[in-house]
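The values are calculated or read from the model by the stated rules, or taken from the named source; none is laboratory data. Computed from a predicted structure; not experimentally measured. Positions of Cβ are backbone-derived with ideal geometry, glycine not excepted, and every protein chain shown enters the neighbour counts. To get the accessible areas, we keep the full protein, side chains included, count just its heavy atoms, and leave off ligands, DNA and RNA. Shrake-Rupley method; radii C 1.70, N 1.55, O 1.52, S 1.80 Å.
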Amino acid sequence: QVQLVESGGGLVQPGGSLRLSCAASGRFFGVYAMGWYRQAPGKQRELVASITSGGSPNYSDSVKGRFTISRDNAENTVYLQMNSLKPEDTAVYYCNAHIKMTYWEREGDYWGQGTQVTVSS
């Protein structure tokens, strides 16, 4: 059983910063790629940023240069530092992780419950 628990969302003014955290807990063999997605009202869920188990990041063009993704493999935790936030960043942010429950199984796709980020003056 795997749980992804997110924290750090909230209300912030344009130009402000927030840091999201997501920790994977439970009994599993290993955590591989992790990432953050977001979904604004009336829009499809989109990739914000992802990071491999080796630490290589990937960003959507809309957040490049403003957001930084990082991870702590010892704690099975991924972070998203969001700077220079804009109203269009307002969305529910979801953590995603690829996890193998045992050595022999394929990676499964797991999601957090979502955390609201609102950028407004």
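Per the listing G35, G26, the residue uniquely within 14 Å of D109 (Cα to Cα) and either out of contact with any Asp or Glu (no Cβ under 7 Å at 6 or more places or on another chain) or in contact (Cβ under 8 Å) with a residue 24 or more places away in the chain (or both) is G35.
Being among the aromatic types (F, W, Y) and free of Cβ contacts under 8 Å to residues at least 40 places away in the same chain is not true of Y79.
For first residues located in the range 61-73 and within 10 Å of A49 (Cα to Cα), partners that are open to solvent by 50 Å² or more (accessible area, probe 1.4 Å) and part of a loop (DSSP other than H, G, I, E, B) and lie 6+ apart or on another chain with Cβ distances below 8 Å form the pairs F67/N83; T68/N83.
Per-residue answers, yes or no, for (1) closer than 28 Å to P14 by Cα; (2) surrounded by fewer than 19 Cβ atoms within 10 Å (Cβ to Cβ); (3) of a type in the set (G, A, S):
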site	(1), (2), (3)
Y37	yes, no, no
G54	no, yes, yes
N58	yes, yes, no
S62	yes, yes, yes
V78	yes, no, no
P87	yes, yes, no
A97	no, no, yes
D109	no, yes, no
S120	yes, yes, yes
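Here S56 passes the criteria (1) touching a Gly at 6+ places or on another chain (Cβ under 7 Å); (2) without any contact (Cβ under 8 Å) to a residue 12 or more places away in the chain except the one numbered (1).
Residue pairs whose Cβ atoms lie under 8 Å apart, sitting 6 or more positions apart in sequence or on different chains, and linking a residue in the range 1-17 that is more than 11 Å from M82 (Cβ to Cβ) and free of Cβ contacts under 8 Å to residues at least 60 places away in the same chain to a partner that is part of a loop (DSSP other than H, G, I, E, B) and open to solvent by 30 Å² or more (accessible area, probe 1.4 Å), are Q1/R27.
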